[in-house]
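Any read-out appearing in this document is the output of simple, stated calculations on the displayed coordinates, not a laboratory observation. Just so it is clear, the model here is predicted, and its values are computed rather than measured. Here the Cβ is made from the backbone with ideal geometry for all residues, glycine too, and neighbour counts use every protein chain on show.
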Amino acid sequence: MKRIAVVLSLLLALSVFLAGCGGSSDTGNKGGTDSTPGATTGSNTDSEQPAGESGPTGSLMIYTSIYPDIINLVSPELEKAFPNLKIEWFQGGTEQVTAKMAAEIQAGKIGADLLMVADPSYYIFLKGEDLLLPHKSEHFDAVAVDKDTEDYMYTGVRISNVVIGYNTDLVKPEDAPKTFRELTDPKWKDQVVIVDPTQSGTALNSTYALSQKYGWEYFEQLRDNGAVIGGGNSSTETKLVTGEFAVAIILEENLLKVKDRGEPVEIVYPEDGVIIIPSPIGILKTTQNPEAAKAVVDWWLSPEGQKAIVTGWMHSVRTDVESPKGAKPLAEFAPTAMELDWHDLAPRTGEIKDKFVEIMGN
């Protein structure tokens, strides 16, 4: 898969669009993505029923790493769009969701109809296993990030960015780190917390990206400089907000959320490259309600669905939807984003996690 920069012309057009609109949306934002483990709700037992003018019927199960508060925010909008469709959710961190998927694949009984997790490489794996259903959404051409242009098995639905956050009670803006590399400097001894890639799909992606750019020596240097694993993005966020640590490698959306509610945090878009993760959506081939699944994918990729994504502090995959409140437009940092080769990562996720644990511990 080519890097997100392949569509920079579209993203640069977005920056012009935003300038004309006077900046980001003023709507209230909640939540984030790629959370720590959550709860299971419901099960997928209803089979497909014919969809009439009132839209699809039956039930649909979505497995996702989107935070519970975003699910609560989006659910009423989905109910309005699909009044005769019962939508249920299993929510957890990406690694929890993919572990559940692995067990269900092994058992030959997949419970998900739709999958929305923050690891593009996982969809490449599922496609290779012939577990995804092709669907070219009516909004497919409007999606300006990585997507399966060959077989239409998945497409980006939300954009998450791994950045640096710092606690403004502990660090002055002029003293804040400007790069990921700088976090190995003795200046930040015992002050850095990072997200665990065995719990978070975005952290898995960022671990891969940083190890590719700087080698595994980078994590050895972080360890030797006293960097600590903070758990998932939510728990790492808490450690930063409370001042337990001065600096974090964490998702932009977590920082936007807590900053908006007045917490003492600020965002650094690293000069050595933001790690951009275009999290996909895909339909499982085993779904018993394919038409409903396709309709819901179309909703997520529509301007309406993408505005819900932005309200959840994530960036839209469309160029005609504004950036989250308080965020830099994607076009400003996409040209210098770190390289990620999702096809290279797909068969190596276990290797990446094992090497991280070997260096950093549990």
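Brief remarks on what is shown
- Burial order of peptide ranges 186-196, 109-119 (average beta-carbon count within 10 Å, highest first): 109-119, 186-196
- Over all other residues within a Cβ to Cβ distance under 14 Å of VAL193, the charged ones net out to -1, with Lys and Arg as +1 and Asp and Glu as -1.
- Length released on extending from LYS136 to LEU170, taking residue separation times 0.36 nm less the Cα-Cα span: 7.4 nm
- VAL193 long-range amide H proximity, modeled H, under 5 Å: VAL228, VAL247, ALA248, ILE249
- Here the sum of -39500 (n - 2.57) over DSSP H runs of 4 or more residues, divided by the residues of the chain, equals -11000 deg cm²/dmol at 222 nm, to the nearest 500.
- Cα point-scatterer Debye curve for the stretch 301-362, base-10 log of I(q)/I(0) at q = 0.20, 0.23, 0.24 Å⁻¹: -0.84, -0.88, -0.90
- Between ALA102 and GLU220, the contour length at 0.36 nm per residue exceeds the alpha carbon distance by 39.4 nm.
- Rh (Kirkwood; distinct C-alpha pairs) - the stretch 186-289, Å: 15.0
- The aspartates and glutamates within cross-link reach of LYS328, meaning a Cα-to-Cα straight distance under 15 Å and a gap of 8 or more places when in the same chain, are ASP26, GLU252, GLU253, ASP260, GLU266, GLU271.
- Computed 3J(HN,Hα) for the stretch 188-196, one whole-Hz value per residue from the Karplus formula 6.51 cos²θ - 1.76 cosθ + 1.60 where θ = phi - 60°, is 10, 3, 6, 10, 10, 10, 10, 7, 7, glycine and proline marked x.
- Using the Cβ of ASP224 as centre and a radius below 13 Å, the other residues enclosed give a net charge of -2, where K and R count +1 and D and E count -1.
- For the stretch 52-169, radius of gyration divided by Kirkwood radius, i.e. Rg to Rh on alpha-carbons: 0.99
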